[in-house]
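One structure below.
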Amino acid sequence: MSKYFSKKYASLTPYTPGEQPKDMKYLKLNTNESPFEVSPSVLEALKTESQKLQLYSDPENINLRKKIAEIYNVKPEQVIVTNGSDEVLNFAFMAFCDQENPIVFPDITYGFYPVFAQLNNIPYTEIPLKSDFSVDVNDYIGINKNIVIANPNAPTGLCLSLEQIEQIVESNPQNIVIIDEAYIDFGGVSAVQLVDKYQNLLITQTFSKSRSMAGARLGFGIGNKDLIADLNTIKYSTNPYNVNRLTEWAGVSALNDNSYYMDNCKKIIENRNFTINELEKLGFEVLSSKANFIFAKSNKISGEKLYLTLKEKGILIRHFSKERIKDYIRITIGTIEQMETFIDTLKEILK
Ligand SMILES: *Cc1c(COP(=O)(O)O)cnc(C)c1O
C-alpha cells in the first residue's frame, strides 16, 4: 500500500477471482464459464461494430435495452445494462444502502457482496444458511433491511422457489430486495415476472454464464422504473459509457439467437445430471443444483487435496477455504466430453 492510498480503503479486502491461467493446458471447470462459443451472428456484429470504434457507444444502450425488455416482457425503462452484473450489483449497493440502510445476505454466497458492502462503507450481516445449506426464508421475512440473495445461490447451486422469493419481497416493502439471477437459466424460475407487482424488487442477470459472453462483460438489472432511474444516476456519475459498442451489439445479436443459448443450457443440465450421477457412484455427497456448477464433498479425500491433485492432472476446479465449506469442491459443468474426462481423472485419483 502506498502512503497515498485513502484511509477509507485501508482495510478493504478485494474480491479474489477464480484462477485464469494464461496457457490453455488446463481443463477449466473453475469459473462457471460456458464451454460453448457465441453464436455466429455475434461474431458478425463484432466485425461490423469494430469498424465504428472511433465513435462513442450509445450511453443509453437503447437497442440492447429494448431487446432485453422484449425477451423479459418488461419496458425498456425497467432495464439497465452494465459492465458485467458485478457492476449493476455495485450500483445497487451504492444507490440503496448506507449507514442507515444496511444489507443482509447469506453467510455462504457470492464473495463479492461483502466486498461491495465494505467498499461503500455499508454495515452488513451474514445470515447463516441452514445446515443443509438452504436459505431459511423465515430469516428474511419482515427483516426490515436491504437484502441480496443469489438465486440459485453460489457456490451451493440451491434455488428458492418463486413463492419463497415473493414472500421475502412482499414482507419487506420499505427495503430493496436484490435477487441475483446469474444462474437462473439453468433450471430455476426467474422472479422478473414480479417486478411490476413490487417496487422494491431488483433482479440482476448476466451474459457471462448462460450466454457464453464472460469475456465481453455484460450484465443487466430489471426492476421498477424508479429503481432503474436511481441506478442510472449512479451510472451517469461514474461511467456513462459503461457498456462499450462491441459488447452492446454482441448482446443484441446474442438475444436474437436466444434459442441457441437456451438449447446450450439444456445440454448443461443434461451434463449436470450425468456428473451428479457419476459423483454419487464415487461416494460423493452432491447438493441438488439448478446452476451450471455443482457443489460436492467426497467421503474419501479433502476438498483441498482434491483441488490440488486435479490441478496437477490439468483440471481446475474451485475450492474455498472458508471453514463451513472447506470440505467441498465446486465443479463447473462443461461439455459431456469434458465431464467424462473429469470423472475419469477422479476415478484415477480415488483408486
Ligand atoms: C458470475 C456471477 C456474477 C457476475 O458475473 P459478471 O460476469 O460480472 O456478470 C454475479 N453473481 C454471481 C452469483 C455470480 O456467480
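One residue stands out among those in the stretch 204-222 that are in contact with a helix residue (DSSP H, G or I) (Cβ under 6 Å, 6 or more places away or on another chain) and either in a helix (DSSP H, G or I) or more than 12 Å from the ligand (Cβ to nearest atom) (or both): the one that is farthest from I149 (Cα to Cα), which is A216. Being in contact with a Leu (Cβ under 8 Å, 6 or more places away or on another chain), more than 16 Å from the ligand (Cβ to nearest atom) and either under 16 Å from A182 (Cα atoms) or open to solvent by 20 Å² or more (accessible area, probe 1.4 Å) (or both) is a property that does not hold for Q99. Considering only the stretch 245-266, I want to know if a residue exists there that is among the aliphatic types (A, V, I, L, M), under 25 Å from L346 (Cα atoms) and within 16 Å of the ligand (Cβ to nearest atom). So far as the stretch 245-266 goes, no, none of its residues is among the aliphatic types (A, V, I, L, M), under 25 Å from L346 (Cα atoms) and within 16 Å of the ligand (Cβ to nearest atom). Strands (runs of 3 or more DSSP E) fully within the stretch 114-200 that include at least 3 residues being open to solvent by less than 60 Å² (accessible area, probe 1.4 Å): 146-150, 177-180. Give the residues of the stretch 316-344 that are polar (S, T, N, Q) and within 16 Å of S302 (Cα to Cα), sorted by residue number. Of everything in the stretch 316-344, just one residue is polar (S, T, N, Q) and within 16 Å of S302 (Cα to Cα), namely S321. Annotation: Q20 fulfils all but one of (1) surrounded by 18 or more Cβ atoms within 10 Å (Cβ to Cβ); (2) within 23 Å of N264 (Cβ to Cβ); (3) within 16 Å of the ligand (Cβ to nearest atom); (4) not basic (K, R); the unmet one is (1).
Does Q54 meet the test of being free of Cβ contacts under 8 Å to residues at least 24 places away in the same chain, more than 28 Å from L129 (Cβ to Cβ) and either surrounded by 21 or more Cβ atoms within 10 Å (Cβ to Cβ) or not charged (D, E, K, R) (or both)? Yes: the conditions hold for Q54.
Residues are listed down the side, and each one gets a yes or a no for (1) open to solvent by 100 Å² or more (accessible area, probe 1.4 Å); (2) closer than 30 Å to K311 by Cα; (3) of a type outside the set (S, T, N, Q):
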site	(1), (2), (3)
M1	yes, no, yes
T13	no, yes, no
N30	no, yes, no
E33	no, yes, yes
V38	no, yes, yes
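Pairing residues of the stretch 86-107 that are among the acidic types (D, E) with residues that are open to solvent by 30 Å² or more (accessible area, probe 1.4 Å) and within 11 Å of the ligand (Cβ to nearest atom), at Cβ distances under 7 Å and at least 6 apart in sequence or on separate chains, gives D86/F112. Going through (1) farther than 21 Å from P102 by Cα; (2) within 16 Å of the ligand (Cβ to nearest atom) one by one, V189 falls short only on (2). Among the candidates N244, N273, N277, N292, the residue that is over 26 Å from N151 (Cβ atoms) and not aromatic (F, W, Y) is uniquely N244. Here F284 fits the description: out of contact with any His (no Cβ under 9 Å at 6 or more places or on another chain), closer than 26 Å to V135 by Cβ and aromatic (F, W, Y).
The values are calculated or read from the model by the stated rules, or taken from the named source; none is laboratory data. All figures in this text were calculated on a predicted structure; none of them were measured in a lab. Don't worry about glycine lacking a Cβ; one is built from the backbone with ideal geometry, like all the others, and counts go over all protein chains shown. Keep in mind that these areas ignore ligands, DNA and RNA; they rest on the heavy atoms of the full protein, side chains included. Shrake-Rupley method; radii C 1.70, N 1.55, O 1.52, S 1.80 Å.
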